[in-house]
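Here the structure is laid out as structure tokens; the discussion comes afterwards.
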Number of protein chains: 2
Amino acid sequence: MKPDIAAVGSIALDTIKTPQAEVQDILGGSAVYFAWAASYFSKVGITGVIGPDFPEEYLKLLSTRSINLDGLKVGDKTFRWTGEYGENPDDRKTLSVCQDVLENFNPELSEEYCSSDYIFLANINPKSHLKVLSQIKGSNLVAGDTMDLWIETEKTLLLKTLRRIDMMFLNESEARQLTNESNLIKAGRSILSYGPKTVIVKKGENGVFVLGEDILFSIPAYPQETVRDATGAGDSFAGGVIGFLAQENGENLRKAIVMGSVIASFCVEDFGLRRLEKVTKEDIMGRFEEFRNLTRF
Amino acid sequence: MKPDIAAVGSIALDTIKTPQAEVQDILGGSAVYFAWAASYFSKVGITGVIGPDFPEEYLKLLSTRSINLDGLKVGDKTFRWTGEYGENPDDRKTLSVCQDVLENFNPELSEEYCSSDYIFLANINPKSHLKVLSQIKGSNLVAGDTMDLWIETEKTLLLKTLRRIDMMFLNESEARQLTNESNLIKAGRSILSYGPKTVIVKKGENGVFVLGEDILFSIPAYPQETVRDATGAGDSFAGGVIGFLAQENGENLRKAIVMGSVIASFCVEDFGLRRLEKVTKEDIMGRFEEFRNLTRF
């Protein structure tokens with residue numbers, strides 16, 4: 001099957017500690033959260049690597065959705081991440097991460113994946129992003145995400161990927177860090193000057209800010225009293241955005257941003273994918289209407 | 001004249017330093033910013049104290065608006081505040097403040113002021129707020145503002161004023177400080193339990209969050225590339241909100257919040273009232289429409 005979206009990123013086993021609880025080796029990874037969220041609206045193919053230790057049940061779980069797993073390679077071991085959150089869900093500390101799994105990862109996209117309408121470069125090393133970019137034909141819309149680590153250690157390569165990325169997702173502190181601009185609107189304009197046509201700044205509990213050639217859009221976050229686990233919020237947000245955009249043939253970016261926000265707001269209500277496993281399209285449409293009511297004037 | 005709104009607060013001479021510039025003894029004070037903003041929509045009477053040193057030109061400037069100054073008392077000296085901002089406009093340091101002027105201030109509202117539809121208790125000592133509350137009849141809607149200083153030093157009195165305040169304005173960090181709740185929605189609910197029917201949380205560059213019996217509303221801030229001086233942003237916001245509400249007979253709180261945000265966004269574009277002096281009602285309506293376009297989906 002030719003997917004609407006080809007996503008490249010991590011498939012992980014996460015161990016997560018919060019002040020309230022701890023979970024071990026649950027299904028996670030940037031490509032997984034992205035694909036799950038996008039699968040509410042579109043067909044997604046994942047390219048990534050897992051180890052022989054990767055639980056069969058997680059593959060089964062993913063295959064219950066419109067997620068194609070033909071792009072999964074079995075390498076030496078599965079990517080694992082251990083993180084700890086403080087009382088504030090934005091305070092995240094990485095306790096351990098086996099970066100080498102992804103360092104050695106050489107993504108190869110099938111012909112079908114390469115010709116999908118959307119390519120999503122989930123947060124992995126810009127080196128891997130460039131390898132993907134060298135394979136695709138250029139008729140696709142390319143969206144990407146990154147993280148503070150790559151801004152610190154791989155800025156030159158990251159800027160190179162940005163020249164070819166149409167739609168860039170990054171969070172508030174990363175936007176400031178990347179551009180050395182404290183004002184977020186100025187930071188957004190700088191990022192546009194690096195290449196992307198649209199920049200989508202994730203502000204956590206303060207919502208999303210979008211700047212582009214034809215768009216200036218800002219929405220607050222869904223008011224959340226309980227954030228149990230913020231892992232995957234950014235990736236499920238991006239999945240909701242790109243998944244909805246693909247469904248709408250690239251139209252309705254504003255609605256897409258709200259869909260992404262809605263899915264991310266469900267995601268953080270429990271560890272890993274536990275909440276999203278139970279969330280239906282009707283749940284999403286219901287909270288979308290709540291969002292309308294929240295912001296209308 | 002009976003004003004629509006009676007505001008009690010400071011009338012000040014401010015000295016302000018920012019990384020770019022410094023101004024001395026410009027017109028400021030919580031009641032002044034509030035009244036100026038409210039005067040776009042309603043008639044406001046100010047109760048407050050000035051000294052014999054208060055410049056005549058500032059009184060003239062205020063009297064060009066629908067602002068009634070009969071409630072101004074001339075005492076020993078004018079309230080002065082000196083503050084310094086960092087690169088981030090939210091980083092404010094008070095360098096000097098003559099708190100004694102307001103400590104000794106015994107607000108007395110005329111019969112007409114007491115019977116105005118709205119009472120606004122701008123940020124001054126809760127002691128003075130209680131003195132005002134003891135004079136009014138109870139048929140008015142009472143709105144109030146506060147600051148970190150009073151939460152630290154006068155919490156008991158502040159909580160006493162809250163029992164009688166219908167609509168409370170405070171900023172994000174103050175809401176957390178007052179309630180010991182890090183989650184802002186939970187903090188808002190706690191504040192409602194202290195008495196107010198509506199709590200309006202100001203989040204600076206992240207907009208406004210409103211929680212109340214019949215309302216859950218959130219909007220982002222107007223995207224501002226240049227904040228020259230953030231002084232008065234909160235008070236001019238409250239003035240816009242209450243001024244518009246008074247014009248609309250208490251209806252349309254959501255629109256009122258946006259009007260307040262629009263006026264505050266103009267306020268910060270220059271020092272003191274310099275920008276607002278030039279802003280017309282048409283400018284406000286224009287930016288209101290920009291706000292609609294910013295947030296619609």
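Just give me the residues in region A:211-227 being under 29 Å from residue A:46 (Cα atoms) and in contact with a Lys or Arg (Cβ under 8 Å, 6 or more places away or on another chain), in sequence order.
A:211, A:212, A:221, A:222, listed by residue number.
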**Selected residue [within 14 Å of another protein chain (Cβ to nearest Cβ) and at negative phi] from B:90, B:100, B:76, B:70** = B:90
**Asked** Name the residues in region B:74-102 that are surrounded by 11 or more Cβ atoms within 10 Å (Cβ to Cβ) and in a loop (DSSP other than H, G, I, E, B), would you?
**Response** B:75, B:76, B:77, B:78, B:86, B:88, B:89, B:90, B:98, B:99
**Complete:** A careful count of residues in region A:1-15 that are over 17 Å from residue A:234 (Cβ atoms) and in a strand (DSSP E or B) gives 3
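Every residue, every condition in (1) of a type in the set (Lys, Arg); (2) surrounded by fewer than 22 Cβ atoms within 10 Å (Cβ to Cβ); (3) touching a Ser or Thr at 6+ places or on another chain (Cβ under 7 Å), yes or no:
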site: A:181; (1), (2), (3): no, yes, yes
site: A:191; (1), (2), (3): no, no, yes
site: A:216; (1), (2), (3): no, yes, no
site: A:222; (1), (2), (3): no, yes, yes
site: A:232; (1), (2), (3): no, no, no
site: A:237; (1), (2), (3): no, no, yes
**Prompt:** Quick one: how many residues across region A:41-76 are closer than 24 Å to residue A:144 by Cα and in contact with a Lys or Arg (Cβ under 6 Å, 6 or more places away or on another chain)?
**Reply:** 2
**Fill in**
Looking across region B:241-264 at residues that are more than 10 Å from chain A (Cβ to nearest Cβ), buried (at least 24 other Cβ atoms within 10 Å of the Cβ) and closer than 16 Å to residue B:212 by Cβ, the single one that is farthest from the chain's Cα centre (by Cα) is B:245
**Fill in**
Counted residues in region B:103-124 being of a type outside the set (Val, Ile, Thr), surrounded by 21 or more Cβ atoms within 10 Å (Cβ to Cβ) and closer than 13 Å to residue B:150 by Cα come to 2
**Item:** Total residues in region A:273-297, condition of a type in the set (S, T, N, Q), within 14 Å of another protein chain (Cβ to nearest Cβ) and out of contact with any Pro (no Cβ under 7 Å at 6 or more places or on another chain)
**Value:** 1
**Prompt:** charged (D, E, K, R), more than 14 Å from chain A (Cβ to nearest Cβ), surrounded by fewer than 23 Cβ atoms within 10 Å (Cβ to Cβ) and farther than 28 Å from residue B:67 by Cα: does that describe residue B:155?
**Reply:** yes
**Complete:** When region A:16-29 is checked residue by residue, the ones that are out of contact with any Phe, Trp or Tyr (no Cβ under 9 Å at 6 or more places or on another chain) and not in a strand (DSSP E or B) are A:20
**Request:** Filter region B:169-228 down to the residues that are within 18 Å of the chain's Cα centre (by Cα) and among the acidic types (Asp, Glu), then identify the one that is farthest from the other protein chains (Cβ to nearest Cβ).
**Result:** B:174
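Only one of A:146, A:82 is over 30 Å from residue A:248 (Cα atoms), of a type outside the set (A, V, I, L, M, F, W, C) and at pLDDT 90 or above; which?
A:82 is the lone residue from the list that is over 30 Å from residue A:248 (Cα atoms), of a type outside the set (A, V, I, L, M, F, W, C) and at pLDDT 90 or above.
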**Asked** Of the residues that make up region B:283-290, is at least one more than 30 Å from residue B:214 (Cα to Cα), at pLDDT 95 or above and assigned to a helix (DSSP H, G or I)?
**Response** yes
**Asked** When you go through (1) touching an Asp or Glu at 6+ places or on another chain (Cβ under 9 Å); (2) surrounded by 22 or more Cβ atoms within 10 Å (Cβ to Cβ); (3) within 30 Å of residue B:74 (Cβ to Cβ); (4) at pLDDT 95 or above one by one for residue B:165, which number turns out not to apply?
**Response** (1)
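Which of the strands (runs of 3 or more DSSP E) found entirely inside region A:122-218 contain at least 3 residues meeting this: free of Cβ contacts under 8 Å to residues at least 24 places away in the same chain?
Hits in region A:122-218: none.
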**Request:** Check whether at least one residue in region B:222-229 is among the aliphatic types (A, V, I, L, M) and part of a helix (DSSP H, G or I), and report yes or no.
**Result:** no
**Any chance residue B:198 is in contact with a strand residue (DSSP E or B) (Cβ under 6 Å, 6 or more places away or on another chain) and either modelled with pLDDT of 95 or more or charged (D, E, K, R) (or both)** = yes
**Complete:** If we ask which residues in region B:192-248 are in contact with a Gly (Cβ under 7 Å, 6 or more places away or on another chain), hydroxyl-bearing (Ser, Thr, Tyr) and closer than 20 Å to residue A:183 by Cβ, their number turns out to be 1
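The values are calculated or read from the model by the stated rules, or taken from the named source; none is laboratory data. This is a predicted model, so every value here is computed, not measured. Quick reminder, even Gly has a Cβ in these numbers, built from the backbone with ideal geometry, and neighbours come from all protein chains shown.
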